[in-house]
Amino acid sequence: MASSASMTSRTAEEESYQDRILAGVSRTFAFTIPQLPGDLRKVVTNAYLLCRIADTLEDEPSLSASQKVMLQEQFLAVLRGEAAARAFASRVTPLLSDATLPDERELVANTSVVVRCTHSLTAPQQQALIKCVSIMCRGMACYQDSASLEGLEDMAEVDRYCYHVAGVVGEMLTELFCQHSGEIHEKRTELLALAPSFGEGLQLTNILKDLWDDWQRGVCWLPRKEFRELGVELSSLSPGRSDEEFAAALRHMVGIAHAHLRNALRYTLLIPSRETGIKRFCLWAIGLAVLTLRRIAARPTYRSGQEVKVSRRTVKATIISTNLTARHDGMLELLFTGVTRGLPLRPLAGPPPELSDWASGPPA
């Protein structure tokens with residue numbers, strides 16, 4: 001049996017690996033997650049890396065839809081402790097093509113390190129993470145065969161897609177926040193009602209930012225019906241398009257994402273002011289998304305995500321301004337109003353009621 005000292009050393013090495021690989025696979029989360037309270041940093045880092053492994057499988061172009069479904073089910077078995085993580089990683093890593101970034105390949109190859117961290121968490125934390133990744137994997141599987149340049153059927157279908165890849169993450173984070181703080185737990189019902197919208201606002205922003213990067217790999221996540229009603233056929237899209245119909249359709253989507261980010265602010269304002277780390281974590285994500293939407297709205301002829309990416313200087317300004325106002329809800333609302341002034345805003349339809357069962361009780 002390993003000594004207590006050796007186990008502590010191994011745990012420290014695993015956590016150090018998580019921090020290092022996080023910086024490689026996500027610059028954004030590498031600077032937002034450290035804002036969280038100490039007891040949340042490890043679990044949220046682990047949660048992100050698990051989701052990134054699942055997402056890497058979904059994005060790998062050399063895998064067929066049936067292969068992706070099979071591998072995602074095997075990954076879930078690993079998380080549940082029913083299969084060996086090393087064997088899974090050895091089987092999957094050679095299947096990844098050059099389209100998978102080196103850091104993502106390394107992450108998949110080290111699945112066993114990440115999963116050991118998962119299994120070291122408390123039982124409620126593990127339940128929340130496994131439930132999230134299960135919903136994500138099985139939801140993504142529904143879109144494997146339909147992913148194409150034709151887009152998704154309509155906005156309701158986009159909502160469902162965004163729920164499975166991002167809304168469910170908002171629900172998982174809410175569970176973790178509630179486990180962290182009894183004061184936050186008192187707002188659990190209200191927070192869970194807004195959590196999917198928070199995730200969808202961030203995901204829609206990414207869909208718009210990455211529109212042409214996704215297009216180059218043969219995928220579009222925009223709604224056919226709504227774009228057709230505005231005079232745009234998704235199958236005819238091409239980078240740099242400058243007609244008024246496309247600009248109007250793009251503004252329509254920016255308006256929907258903006259509305260979701262307003263819900264994200266409402267969510268953040270429910271977090272007690274004393275939880276400044278959690279509030280900063282949320283506010284930085286909201287601020288960067290809003291600023292990205294502003295760049296998209298101002299430059300509808302952009303050809304890549306790089307053209308609408310927020311600059312380092314703007315990121316620093318966002319951090320400073322949100323840090324100064326994190327404890328003052330009134331000032332946060334004024335800041336949000338100022339930054340979103342001039343952005344289109346569209347009313348939201350309610351989320352399909354069958355999407356979430358988190359509100360019925362703790363993760364099972």
Query raised in the report: Is it fair to say Val169 is under 29 Å from Ala99 (Cα atoms), outside any loop (DSSP other than H, G, I, E, B), at pLDDT 95 or above and not charged (D, E, K, R)?
Result: yes
**Report entry** Hits in region 1-45 (condition: at pLDDT 85 or above, in a helix (DSSP H, G or I) and farther than 24 Å from Ala109 by Cβ)
**Finding:** Thr32, Pro34, Gln35, Gly38, Asp39, Leu40
Report summary line: Restricting region 185-199 to residues that are free of Cβ contacts under 8 Å to residues at least 60 places away in the same chain and either under 13 Å from Gly170 (Cα atoms) or not assigned by TED's automatic domain parsing to the domain that holds Pro347 (or both), the one farthest from the chain's Cα centre (by Cα) turns out to be Arg188
Query raised in the report: What are the residues in region 55-66 that are assigned to a helix (DSSP H, G or I) and either of a type in the set (Phe, Trp, Tyr) or surrounded by 15 or more Cβ atoms within 10 Å (Cβ to Cβ) (or both), if any?
Result: Asp55, Thr56, Leu57, Glu58, Asp59
Requested in this report: Sort out for me the helices (runs of 4 or more DSSP H) sitting completely within region 247-359 that have 2 or more residues that are surrounded by 16 or more Cβ atoms within 10 Å (Cβ to Cβ), among the hydroxyl-bearing types (Ser, Thr, Tyr) and at positive phi.
Outcome: none
Report task. Within region 71-91, identify whether any single residue is among the hydroxyl-bearing types (Ser, Thr, Tyr) and under 20 Å from Ala128 (Cβ atoms), and answer yes or no. Result -> no
Report task. Of all residues in region 177-196, count the ones that are small (Gly, Ala, Ser) and buried (at least 24 other Cβ atoms within 10 Å of the Cβ). Result -> 1
Query raised in the report: If Val69 passes every condition in (1) in a helix (DSSP H, G or I); (2) at pLDDT 95 or above; (3) of a type in the set (A, V, I, L, M, F, W, C) but one, which one does it miss?
Result: (2)
Query raised in the report: Based on what the data block shows, is Arg224 at pLDDT 95 or above and under 27 Å from Ala141 (Cβ atoms)?
Result: yes
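Rundown of residues vs (1) in the same structural domain as Cys282 (by TED's automatic domain parsing); (2) over 16 Å from Thr292 (Cβ atoms); (3) crowded, with 18+ Cβ neighbours inside 10 Å; (4) acidic (Asp, Glu), yes/no style:
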site: Asn206; (1), (2), (3), (4): yes, no, yes, no
site: Asp210; (1), (2), (3), (4): yes, no, no, yes
site: Asp213; (1), (2), (3), (4): yes, no, no, yes
site: Lys225; (1), (2), (3), (4): yes, yes, no, no
site: Glu233; (1), (2), (3), (4): yes, yes, no, yes
site: Glu245; (1), (2), (3), (4): yes, yes, no, yes
Report summary line: Checked region 114-123 for anything assigned to a helix (DSSP H, G or I) and either at pLDDT below 95 or more than 16 Å from Leu173 (Cβ to Cβ) (or both); matches are Val114, Val115, Arg116, Cys117, His119, Ala123
Report task. Report those helices (runs of 4 or more DSSP H) wholly inside region 172-238 carrying at least 1 residues which are within 15 Å of Leu250 (Cα to Cα). Result -> 188-209, 211-216, 224-229
Query raised in the report: Going by the structure shown, is Ala147 of a type in the set (Gly, Ala, Ser) and part of a helix (DSSP H, G or I)?
Result: no
Report summary line: Exactly one of Ala123, Ala87, Ala156 is surrounded by fewer than 16 Cβ atoms within 10 Å (Cβ to Cβ), over 19 Å from Glu58 (Cβ atoms) and not assigned by TED's automatic domain parsing to the domain that holds Ala12, and that residue is Ala156
Query - Residue within region 291-298 that is at pLDDT 80 or above, under 21 Å from the mean Cα position of the chain (by Cα) and basic (Lys, Arg) present - result: yes
Report task. For residues that are under 14 Å from Gly287 (Cβ atoms) and without any contact (Cβ under 8 Å) to a residue 12 or more places away in the chain, tally how many sit in region 326-344. Result -> 4
**Report entry** Count of region 124-142 residues which are modelled with pLDDT under 90 and touching a helix residue (DSSP H, G or I) at 6+ places or on another chain (Cβ under 6 Å)
**Finding:** 3
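The values are calculated or read from the model by the stated rules, or taken from the named source; none is laboratory data. Everything quoted here is computed from the prediction, not taken from an experiment. Neighbour counts run over all protein chains shown; Cβ positions are idealised from the backbone, glycine included.
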